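**Student:** Handing you a structure now.
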Amino acid sequence: MTVIRNNWTREEIAAIYNQPVLELIYQAATVHRTFHDPQEVQVCTLLSVKTGGCPEDCAYCPQAARYHTDVKVQKLMEVKEVIDKALEAKESGSTRFCMGAAWREVRDNRDFDKVIEMVKGVNAMGMEVCCTLGMLTPEQAQKLKDAGLYAYNHNLDTSENFYDDIITTRTYQDRLDTLEHVRKAKISVCSGGIIGMGEQEDDRIGMLLTLATLPEHPESVPVNALVPVEGTPLEDQEKVSVWEMVRMIATARIIMPRAMVRLSAGRVRMNLEEQALCFMAGANSIFAGDKLLTTPNPGFIKDQEMFQQLQLKPRKSYKEEHAVL
């Protein structure tokens, strides 16, 4: 389990995922300790820099224009306002700052020029700067890289087989193409998915299989539990259990050992003990702040208390690069 592999089979991943949960946690914790400091967790902040009005039909998303939710459409924030938010996040302990815009794809216009300035400003603060802006062309990815972008988030969301049940306004291949453009621009790849959308376990395994058999594993793999939002097609979905989250996190940790496995959306519905299980299973990153784009999230103070109780320490920015130097 200490060898980095990109030739996993569905059967192998299923065998890992479905083994007795305590054995799975033990194996994942062992792999985690081989590749990471188990007491170290990266604290990230995600800010919605352009909210609502998205033309896509992602069934989980309150920002889709076609759904009637409480999300109010807001135009792209000003650069200074975003830089001020990044400074607040840094002072609160975040080492990665991610900016999200509710776009289907990036367009070469003044708004993209403003995002480029945001990237430059956050990068100059010494934080890992990340964006999630929808689909990218190779040229746009290169512009972001040249501005100092460290990472780009573009989730697969689910398996290719279940994908059309959740999204019809873009294809699975569209998502894979954007990941390829990001990788070719030498930007760190952040890609994971959401569980609890009505998918089967085989779909969860399928998503992990796609990620783990990419030419290079994503440097970051967010594992999100659906937070149902009134007005979206998935508003009545049942809460995902902690054991489902643990199985996803632990399996991701074993098959993509170097990746940062992010305990992402859904933490607001988990208690301290449930989050501790996820860290034990190999999660080593969280999103801090009271919102993840538009859905609720534990606040900074609550997370600081959790770090103290579990004796966790924040991971520094650019740790891998500093280690090479």
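**Student:** How many residues does segment 105-122 contain that are under 18 Å from Thr178 (Cα atoms) and basic (Lys, Arg)?
**Tutor:** So the count comes out to 1.
**Student:** Sort through Val268, Val227 and tell me the only one that's in a helix (DSSP H, G or I) and modelled with pLDDT under 90.
**Tutor:** So the residue among Val268, Val227 that is in a helix (DSSP H, G or I) and modelled with pLDDT under 90 is Val268.
**Student:** Just give me the residues in segment 132-144 being of a type outside the set (S, T, N, Q), within 19 Å of the chain's Cα centre (by Cα) and surrounded by 17 or more Cβ atoms within 10 Å (Cβ to Cβ), in sequence order.
**Tutor:** Correct list: Leu133, Gly134, Leu136, Ala141, Leu144.
**Student:** Of all residues in segment 179-201 being assigned to a helix (DSSP H, G or I) and free of Cβ contacts under 8 Å to residues at least 60 places away in the same chain, which is nearest to Glu235 (Cα to Cα)?
**Tutor:** Leu179
**Student:** Continuing with this model, one more query. Name the residues in segment 208-229 that are open to solvent by 30 Å² or more (accessible area, probe 1.4 Å) and of a type in the set (Ser, Thr, Tyr), would you?
**Tutor:** Of everything in segment 208-229, those that are open to solvent by 30 Å² or more (accessible area, probe 1.4 Å) and of a type in the set (Ser, Thr, Tyr) turn out to be Thr210, Thr213.
**Student:** Residue check, Leu176 against (1) part of a loop (DSSP other than H, G, I, E, B); (2) closer than 22 Å to Arg5 by Cα; (3) of a type outside the set (Val, Ile, Thr); (4) more than 15 Å from the chain's Cα centre (by Cα), all met but one. Which one?
**Tutor:** (1)
**Student:** I'm told Asn155 meets every condition in (1) in contact with a Leu (Cβ under 7 Å, 6 or more places away or on another chain); (2) not in a helix (DSSP H, G or I) except one. Can you identify the failing condition by its number?
**Tutor:** All conditions pass for Asn155, except number (1).
**Student:** When segment 84-109 is examined, which residues are found to be under 27 Å from Thr171 (Cα atoms), open to solvent by 20 Å² or more (accessible area, probe 1.4 Å) and touching a residue at least 40 places away in the same chain (Cβ under 8 Å)?
**Tutor:** We begin by selecting, within segment 84-109, every residue under 27 Å from Thr171 (Cα atoms); these are 98-109.
Keeping just the survivors that are open to solvent by 20 Å² or more (accessible area, probe 1.4 Å) gives 103-105, 107-109.
Once the filter is applied, which keeps residues that are under 27 Å from Thr171 (Cα atoms), open to solvent by 20 Å² or more (accessible area, probe 1.4 Å) and touching a residue at least 40 places away in the same chain (Cβ under 8 Å), segment 84-109 yields Trp103, Arg104.
**Student:** Which count do you get for residues in segment 44-61 that are part of a loop (DSSP other than H, G, I, E, B) and closer than 11 Å to Lys85 by Cβ?
**Tutor:** 0
**Student:** Condition check: in contact (Cβ under 8 Å) with a residue 40 or more places away in the chain, over 25 Å from Ser317 (Cα atoms), of a type outside the set (Ser, Thr, Tyr) and touching an Asp or Glu at 6+ places or on another chain (Cβ under 9 Å). Does Cys58 satisfy that?
**Tutor:** The answer is yes for Cys58.
**Student:** Go through (1) surrounded by fewer than 20 Cβ atoms within 10 Å (Cβ to Cβ); (2) part of a strand (DSSP E or B) one by one and return the number of the condition Thr30 breaks.
**Tutor:** Against the list (1) surrounded by fewer than 20 Cβ atoms within 10 Å (Cβ to Cβ); (2) part of a strand (DSSP E or B), Thr30 comes up short only on (2).
**Student:** Could you give every pair whose Cβ atoms fall below 8 Å, whose first residue belongs to segment 1-24 and is over 18 Å from Ile249 (Cβ atoms), and whose second residue is hydroxyl-bearing (Ser, Thr, Tyr), counting only separations of at least 6 or pairs across chains?
**Tutor:** Sorted first by the residue in segment 1-24, then by its partner, the pairs are Thr2/Thr34; Asn6/Thr213; Asn7/Thr213.
**Student:** Continuing with this model, one more query. Going through segment 6-27 one residue at a time, which ones are open to solvent by 30 Å² or more (accessible area, probe 1.4 Å), assigned to a helix (DSSP H, G or I) and of a type outside the set (S, T, N, Q)?
**Tutor:** Of everything in segment 6-27, those that are open to solvent by 30 Å² or more (accessible area, probe 1.4 Å), assigned to a helix (DSSP H, G or I) and of a type outside the set (S, T, N, Q) turn out to be Arg10, Glu11, Glu12, Ala15, Val21, Leu22, Glu23, Tyr26.
**Student:** Return yes or no: is Phe112 surrounded by 22 or more Cβ atoms within 10 Å (Cβ to Cβ) and of a type in the set (Phe, Trp, Tyr)?
**Tutor:** On the way: surrounded by 22 or more Cβ atoms within 10 Å (Cβ to Cβ): no; of a type in the set (Phe, Trp, Tyr): yes.
Against the criterion (surrounded by 22 or more Cβ atoms within 10 Å (Cβ to Cβ) and of a type in the set (Phe, Trp, Tyr)), Phe112 does not qualify.
**Student:** Closer than 28 Å to Lys302 by Cα, among the polar types (S, T, N, Q) and open to solvent by less than 30 Å² (accessible area, probe 1.4 Å): is that true of Gln63 in this structure?
**Tutor:** Yes: the conditions hold for Gln63.
**Student:** Let me ask you something else. Tell me, which residue of segment 184-195 that is out of contact with any Lys or Arg (no Cβ under 9 Å at 6 or more places or on another chain) and under 23 Å from Leu263 (Cα atoms) is surrounded by the fewest Cβ atoms within 10 Å (Cβ to Cβ)?
**Tutor:** Narrowing segment 184-195 to residues out of contact with any Lys or Arg (no Cβ under 9 Å at 6 or more places or on another chain): 184, 188, 194.
Still in the list and also under 23 Å from Leu263 (Cα atoms): 188, 194.
Numbers: Ser188: 19, Ile194: 27.
Only one residue tops the list, namely Ser188.
The values are calculated or read from the model by the stated rules, or taken from the named source; none is laboratory data. A quick note: this is a predicted structure, and the numbers were derived from the prediction, not measured. Heads up, the Cβs are rebuilt from the backbone with ideal geometry, glycines too, and the neighbour counts pull from every protein chain shown. Protein only, heavy atoms only, side chains kept; ligands, DNA and RNA dropped before computing areas. Shrake-Rupley method; radii C 1.70, N 1.55, O 1.52, S 1.80 Å.
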